[in-house]
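Following: one structure in structure tokens, then a few remarks.
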Amino acid sequence: MKPIKNDLILRALRGENTSRTPVWLMRQAGRYLPEYRSVRAKAGSFMDLCRTPELACEVTLQPLRRYDLDAAIIFSDILTVPDAMGLGLSFLENEGPVFERPLRTESDILNLHKPDVMKDLKYVFDAITLTKKELDGSVPLIGFCGSAFTLACYMIEGRGSKGFPRVKELLYSRPELMHTLLDKITDALIDYLNAQIDAGVDIIQIFDTWGGILSTGAFSEFSLTYTERLIQGLRLYREDDTRIPVICFTKDAPLAWYKMYENIGADCVGIDWRHDMDVVAAVVRNIALQGNLDPMVLKGSDEYIVQRVKQIIDMAGLRTPHIFNLGHGMHKDIDPDKVELLVDTVHSYSEERKSLIHC
Ligand code: 1CP
């Protein structure tokens with residue numbers, strides 16, 4: 001593997017000190033960028049964009065041309081895996097993702113198609129290979145997937161939902177069937193992430209967007225256990241012994257859950273925007289922290305954005321390695337200039353602050 005020139009994020013993930021706080025943003029590619037909207041229109045549908053490696057590569061690189069970001073994240077979606085398991089994914093305009101064949105019966109779950117990821121998801125690995133070539137070692141490339149639980153939510157409900165009532169019904173009425181489903185999804189995710197690693201990603205992020213709808217006991221049993229099994233199934237060491245670090249993000253997680261991530265093989269935990277970073281940093285002491293600006297702060301004045309960014313850097317402190325990010329994904333109607341202000345403030349303020357501490 002070619003060495004990475006800007007390896008700030010990799011060093012933070014190894015627990016090392018960095019000269020400035022590295023930054024990338026969840027959903028840094030997407031509809032808030034006019035150049036994304038133009039490629040998206042050219043592609044026709046969202047899935048056509050994901051399935052065309054040249055276009056997926058292009059939109060992955062777009063935010064890096066505008067901003068001084070410390071990582072790229074491959075453009076795709078967490079729902080490509082259930083699609084490869086035969087559920088038939090489409091994205092309806094202004095409605096979000098919808099599955100043609102959601103899981104409605106026991107036999108739907110028992111007969112779920114085991115995907116041949118190398119064939120069914122080849123377009124993702126081709127996009128990774130191409131993007132690695134284009135990045136030419138400038139910054140690390142992040143690969144990703146959804147957690148087994150979050151994917152199960154969409155597969156059972158058939159689309160996004162507020163409280164995922166069908167999922168909770170299955171989980172409490174037929175827990176063994178839910179476990180069967182989660183097992184099958186985890187097997188597919190292990191193959192999928194290992195193939196992303198083989199294609200060249202430098203970091204993995206696991207998005208558990210819906211884990212936060214569960215009680216602590218149910219979260220541990222139905223989400224975290226499977227994320228742990230997923231991480232254990234990954235080939236995280238390259239031939240030269242470098243480790244591909246794993247970041248876990250759970251939306252709406254209460255504070256106590258972050259501590260649990262220290263024990264499942266994760267290198268970093270992504271913090272929801274609701275938490276104060278100083279409180280989290282006092283509790284999570286053995287792995288790096290990522291986050292956690294409220295994405296809607298980018299609707300505020302320049303002064304307010306700068307103030308909030310500085311506050312998060314101060315609260316994260318210097319003891320715990322910190323990667324700056326949003327506390328959930330970017331909204332689609334954010335002004336791109338505000339994003340530039342965010343990224344530049346993270347770099348200039350953290351550099352200034354760290355140089356003061358070191359002299
Ligand atoms: O028409 C469009 O352009 C669709 C908007 C869009 C985009 C830009 C969707 C549909 N997906 C994406 C890309 C995407 N999705 C990325 C790209 C890389 C980057 O970060 O730049 C990533 C990492 C995701 C992951 C994803 N997809 C998550 C987990 C993260 C999160 O936001 O919590 C989830 C839940 C999805 C499902 C999904 N895909 C798209 C939408 C609108 C949704 C959410 C549906 C819902 O509200 O339940």
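What separates the Cα centres of region 73-99 and region 296-359 is a distance of 31 Å.
Beyond a 25 Å Cα-Cα separation, which of these cross-linked pairs lie in this structure: 168/251; 122/251; 119/184? Listed pairs above 25 Å: 122/251. Pairs exceeding 32 Å between alpha-carbon atoms, taken from 5/114; 259/310; 5/354: 5/114.
Compare the Cα positions of 217, 182, 167 along the charge dipole of region 131-223 (+1 at Cβ of Lys, Arg; -1 at Cβ of Asp, Glu; about the Cα centre) and return the one farthest towards the positive end. Value: 167. Protein heavy-atom accessible surface, 1.4 Å probe, per residue over the chain: 41 Å². Note on the chain: with neighbouring protein chains present and a 1.4 Å probe, carbon and sulfur make up 50 percent of its accessible heavy-atom surface.
Kindly work out what percent of the DSSP beta bridges joining two residues of region 7-356 are antiparallel, to the nearest 5.
Numbers: 6 of 30 bridges.
Percentage antiparallel, nearest 5: 20.
In deg cm²/dmol, rounded to 500, what helix-only [θ] at 222 nm does the chain give when every DSSP H run of at least 4 residues adds -39500 (n - 2.57) and the total is split over its residues?
Details: 16 runs with 166 residues, N = 359.
Roughly -13500 deg cm²/dmol at 222 nm, from the helical runs in the chain.
Between the beta carbons of residue 17 and residue 183, assuming R0 = 35 Å, the FRET efficiency works out to 0.30 to the nearest 0.05. The length gained by stretching the chain between residue 90 and residue 282 to full extension, at 0.36 nm per residue less their Cα-Cα distance, is 64.8 nm. Which angle from 0 to 90°, rounded to the nearest 10, does the C-alpha axis of helix 53-66 make with the longest principal axis of the chain? Helix 53-66 sits roughly 30 degrees off the main axis of the chain.
Distance between the pseudo-spin-label points of residue 215 and residue 337 (7 Å out from Cα toward the beta carbon): 5.1 nm. Relative contact order, whole percent, for region 7-356 stands at 21, derived from Cα pairs under 8 Å and 6 or more residues apart. Summary of the geometry: region 1-71 and region 151-183, compared by the centres of their Cα atoms, lie 31 Å apart.
For region 7-356, the Cβ-based charge dipole about the Cα centre amounts to some 360 debye (Lys, Arg positive; Asp, Glu negative; other atoms uncharged).
You can think of it this way: the chain between residue 307 and residue 356 has 15.7 nm of extra reach, that is 0.36 nm per residue less the Cα-Cα gap.
The values are calculated or read from the model by the stated rules, or taken from the named source; none is laboratory data. Quick caveat, the model's predicted, so the values are computed rather than measured. Cβ: placed from backbone, ideal geometry, glycine included. Neighbour counts: every protein chain shown. Side chains are part of the model used for accessible areas, which takes the heavy atoms of the whole protein and leaves out ligands, DNA and RNA. Shrake-Rupley method; radii C 1.70, N 1.55, O 1.52, S 1.80 Å.
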